[in-house]
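Trainee: Let me give you the structure first, and then I'll get to my questions.
The values are calculated or read from the model by the stated rules, or taken from the named source; none is laboratory data. Here the structure is a predicted model, which is why all the values come from computation and not from measurement. Here Cβ is always computed from backbone atoms with ideal geometry, including for glycine, and neighbour counts include all displayed protein chains.
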Amino acid sequence: MWSFFFEPLEPVDFVAGQYLNLTMPGVPPAVSDRLFTIASAPHEPLLQFTTIIGPSHFKQKLNSLKTGQEVEADQLGGDFTWEAVPSALSNDGVKRLFIAGGIGITPYLSIIRYLIHKQQPINATLLYAGKNEKRPFVEELHTAVEIDPTLIIKEYSETRLTLEQLKKDVPNVEHYIVYLAGSQAFSEALGEGLIEDGFPRQQIKYDYFDGYVDLEY
Ligand SMILES: Cc1cc2nc3c(=O)[nH]c(=O)nc-3n(C[C@H](O)[C@H](O)[C@H](O)COP(=O)(O)OP(=O)(O)OC[C@H]3O[C@@H](n4cnc5c(N)ncnc54)[C@H](O)[C@@H]3O)c2cc1C
C-alpha cells in the first residue's frame, strides 16, 4: 500500500472526502482511468492518493512515475463529506459513525485532518476493520484521538466487523448517520444488513471502492 503526492498545477477547490479521476499517461484509454479519494485535506499543499499497487496497467504505471512527471486529473466530485448529511438530520446534534474497511480509510483521513486543522470537534466514532498490515494510518489516527477526544476509534483486526458485532459495539446505531467506505462486498454486507434490520436507508452514506469487489479487507 502506497501514498502518492501530486502538486496541483492550478488550485483544486475540493471538500474533504471527495475524489478525483486520474489518467495515467501512456496507458491504453480503456484502462487509463481510476477514481481516487483525495486522502489529503483541502488546506494541505499536495494532493495525496493512497492505494494498493496491484498488477493492473494503471497501477504499474502509477508506481513507475518519476518525480516531475505530469498526470491528468478531472471529475472532482462526491458527497461522502462531513457536511452532506440528509436534511432531516442536519442539526448540530447529529452523530456520525464512520466505518472503514482497510483502504476505505482515505475519505475519513481527509475529513479528520481537515477538522483538526479547523479545530472543529470531530464528534464521530470510527470503526476501522482490516488485518493490521491492511489498515494504513493507524498511528496518525491514534494521534488524532489524543488531539480531539470527541473522536472515538474501535479497531477490528482479530475480530471481524460483522453486522452483529457492529450492533453490539454501537447499540444505539439508529441515532447515527452511518458512513461506509471500503470494498463493495464490505460496504454492502454492513449497509444492506442494517437496512434489512429496519435502519433508514437515507441515514447511510456509501463510498464504494469499485475494483475491490472481492477484496478481503
Ligand atoms: C469514489 C471512489 C473512490 C475511490 N478511492 C480509492 C482510494 O482512495 N484508493 C484506492 O486504492 N482505490 C480507490 N477507489 C478504487 C479505484 O478506483 C480502483 O478501482 C482500485 O484502486 C482498483 O484499481 P486496479 O487498477 O488495481 O484494479 P484492477 O485490478 O484493474 O480492477 C479490478 C476490476 O475492476 C474493474 N475496474 C476497476 N476500476 C475501473 C475503472 N475505473 N473503469 C473500469 N473498470 C474498472 C476492472 O475492469 C477489473 O474487473 C475508489 C473508487 C471510487 C468509485
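Trainee: Please state which one of Arg96, Arg135 is surrounded by 21 or more Cβ atoms within 10 Å (Cβ to Cβ) and of a type in the set (Lys, Arg).
Mentor: Arg135
Trainee: Let me ask something else. Scan region 92-134 residue by residue and report those that are closer than 21 Å to Arg160 by Cα, of a type in the set (A, V, I, L, M) and not in a helix (DSSP H, G or I).
Mentor: Those that are closer than 21 Å to Arg160 by Cα, of a type in the set (A, V, I, L, M) and not in a helix (DSSP H, G or I): Leu97, Ile99, Ala100, Ala124, Leu126, Leu127, Ala129.
Trainee: A further question follows. Looking at region 20-35, which of its residues are within 25 Å of Leu180 (Cα to Cα) and touching a helix residue (DSSP H, G or I) at 6+ places or on another chain (Cβ under 8 Å)?
Mentor: If the condition is that a residue be within 25 Å of Leu180 (Cα to Cα) and touching a helix residue (DSSP H, G or I) at 6+ places or on another chain (Cβ under 8 Å), then Leu22, Asp33, Arg34 are the ones that fit.
Trainee: Under 6 Å by Cβ, and 6 or more places apart or on different chains, what pairs join a residue from region 14-40 that is assigned to a strand (DSSP E or B) with one that is more than 8 Å from the ligand (Cβ to nearest atom) and of a type in the set (Asp, Glu)?
Mentor: Pairs found: Asn21/Asp74; Thr23/Glu72.
Trainee: Identify all residues within region 184-215 that are under 16 Å from Ile99 (Cα atoms) and aromatic (Phe, Trp, Tyr); write none if there are none.
Mentor: Answer for region 184-215, where residues must be under 16 Å from Ile99 (Cα atoms) and aromatic (Phe, Trp, Tyr): Phe186, Phe199, Tyr206, Tyr208, Phe209.
Trainee: Identify all residues within region 1-26 that are of a type in the set (A, V, I, L, M, F, W, C), surrounded by fewer than 17 Cβ atoms within 10 Å (Cβ to Cβ) and in contact with a strand residue (DSSP E or B) (Cβ under 9 Å, 6 or more places away or on another chain); write none if there are none.
Mentor: Hits for region 1-26 are Met1, Trp2, Phe5, Val12.
Trainee: Exactly one of (1) within 12 Å of the ligand (Cβ to nearest atom); (2) more than 12 Å from Pro107 (Cβ to Cβ) is unmet by Ser40. Its number?
Mentor: If we test Ser40 against (1) within 12 Å of the ligand (Cβ to nearest atom); (2) more than 12 Å from Pro107 (Cβ to Cβ), just (2) comes out false.
A quick yes/no check of all residues on (1) more than 18 Å from the chain's Cα centre (by Cα); (2) within 12 Å of the ligand (Cβ to nearest atom):
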residue	(1), (2)
Pro11	yes, no
Leu35	no, yes
Glu44	no, no
Gln48	no, yes
Gln69	yes, no
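Trainee: Let me ask something additional. For region 135-217, please list each of the strands (runs of 3 or more DSSP E) lying entirely inside it that holds at least 2 residues being under 30 Å from Asn21 (Cα atoms) and at pLDDT below 95.
Mentor: Ranges flagged: 176-183, 204-209.
Trainee: For region 81-103, check the following and say yes or no: at least one residue is farther than 21 Å from Gly130 by Cβ, within 15 Å of the ligand (Cβ to nearest atom), in contact with a helix residue (DSSP H, G or I) (Cβ under 8 Å, 6 or more places away or on another chain) and polar (S, T, N, Q).
Mentor: For region 81-103, residues farther than 21 Å from Gly130 by Cβ, within 15 Å of the ligand (Cβ to nearest atom), in contact with a helix residue (DSSP H, G or I) (Cβ under 8 Å, 6 or more places away or on another chain) and polar (S, T, N, Q): present.
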